[in-house]
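One structure is given below, encoded as structure tokens.
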Amino acid sequence: MTKMKFLFFVTVCVAATTAYRRSVCQESTTLKDREKLAVVIISGTVERIYRTGPDKTEDYSGMVDIKKVIKCKEDTIASKSVIVMGFGNKGMCNSDVKERDTRIFLLSVVNTNYFRLNSSLIRINRDNLDMVSAAVQGKRHYN
Ligand SMILES: *[C@@H]1O[C@H](CO)[C@@H](O)[C@H](O)[C@H]1NC(C)=O
């Protein structure tokens, strides 16, 4: 192998490893612990995104139309749509949404109808919904 070929090979390896690492972000806590930490858990659809600044790297908020309240603190949800802040948080594996995305949101309470994303978004499918509901009800439902 020539020196150039070797350098090229090393570069490709490093790039591939970096891309791989980025694609497998590891949650620092289990889903069960994340659910315990979240004061409010809802499933819903993002109706609108609000960005405060022009900077795409900033956290942003969104209006979420609630489909189902899975876990709730009394008197914090006063209407069918709520504002969720803290999307785009680099400290979470999965915190980005687009309009029309439907997700399960693990939230902490800011104010009535105002919440902050407490940990990564969960994609909705039958299994995930059952698992989250079961965990909130304190049943064991983990593989
Ligand atoms: C999640 O909520 C807990 C309280 O339930 C809080 O201590 C923690 O800081 C919150 N995490 C984030 C990322 O907001």
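Carbon-plus-sulfur fraction of the accessible area of region 58-140, 1.4 Å probe, in percent?
That fraction is 45 percent.
Calculate how steeply helix 3-23 sits against the longest principal axis of the alpha-carbon atoms of the chain, using the helix alpha-carbon long axis, and give the answer as 0 to 90 degrees to the nearest 10. Taking the Cα atoms of the chain, the angle to 3-23 is about 10 degrees. Remark: accessible surface ordering of Met85, Met4 (largest first) is Met4, Met85, probe radius 1.4 Å. Taken about its Cα centre, the chain carries a charge dipole of roughly 460 debye when the Cβ of each Lys and Arg holds +1 and the Cβ of each Asp and Glu holds -1.
Summing +1 for each Lys or Arg and -1 for each Asp or Glu among the other residues whose beta-carbon sits under 13 angstrom from that of Lys80 gives 0. Within a straight-line Cα-Cα reach of under 29 Å, Lys98 can be paired with the following lysines, leaving aside sequence neighbours fewer than 8 residues apart in one chain: Lys32, Lys36, Lys56, Lys67, Lys68, Lys71, Lys73, Lys80, Lys90. A cysteine counts as unpartnered when no other cysteine's C-beta lies under 4.7 Å of its own; in the chain this applies to Cys13, Cys72.
Computed from the C-beta positions of Thr52 and Cys72 and an R0 of 25 Å, the FRET efficiency is 0.35 to the nearest 0.05. A viscosity of 0.890 mPa s and a temperature of 25 °C, combined with the Kirkwood radius over C-alpha pairs in the Stokes-Einstein formula, give region 1-115 a diffusion coefficient of 149 µm²/s. When the trypsin sites (Lys or Arg not before Pro) in region 46-140 are filtered for DSSP coil states and for at most 16 other beta-carbon atoms within 10 Å of their beta-carbon, the remaining sites are Arg51, Lys56, Lys73, Lys80, Lys90, Lys98, Arg100, Lys139, Arg140. Enter the angle in degrees (range 0 to 90, nearest 10) between the Cα long axis of helix 126-136 and the first principal axis of the Cα atoms of the chain, meaning the one along which they spread out most. Tilt of helix 126-136: around 60 degrees.
The values are calculated or read from the model by the stated rules, or taken from the named source; none is laboratory data. What you are looking at is a predicted structure, and each value in this text was computed from that prediction instead of being measured. No Cβ is skipped: glycine too gets one built from the backbone with ideal geometry, and neighbour counts run over all protein chains shown. Protein only, heavy atoms only, side chains kept; ligands, DNA and RNA dropped before computing areas. Shrake-Rupley method; radii C 1.70, N 1.55, O 1.52, S 1.80 Å.
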